[in-house]
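Rule-based calculations on the coordinates, nothing more; no lab input. What you see is a predicted model, and the numbers here were worked out from it, not measured in a lab. Positions of Cβ are backbone-derived with ideal geometry, glycine not excepted, and every protein chain shown enters the neighbour counts.
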């Protein structure tokens, strides 16, 4: 029993040390300082950053279907214009059902309209 707890504690400690925000920001800073030209090409779209901080990844992925459609499938279905951004951002906040099947998308009422619009702009920018 003690050995199992010890191994589990070591594993948790290893995971925690690998995902430390300090080490991530330090390596990003070092990379940015050594190659400033590369940082502009790896800069994330604000909508992509918002999606990464949300619960969207539980049901959606950029290229692999999880529960809901992929972001690329959404981009292929819709056009990038103000009316579509308005419509889809409202669907993100209010939730929805029926467009992509019978599994409903949960509402995200705590998300601001501006953040939802930025997420939609990113998703629709993936159109091929």
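By other beta-carbon atoms within 10 Å, ranking 60, 45 with the fewest at the front produces 45, 60. Applying 0.36 nm per residue to the separation of residue 67 and residue 52 and subtracting their alpha-carbon distance, the gain on full extension is 3.7 nm. How much of the pair distance distribution for segment 43-128 lies past 18 Å, counting alpha-carbon pairs only, in percent? When every Cα pair of segment 43-128 is considered, 35 percent fall beyond 18 Å. If R0 is taken as 41 Å, the Cβ-Cβ distance between residue 94 and residue 43 corresponds to a FRET efficiency of 0.85.
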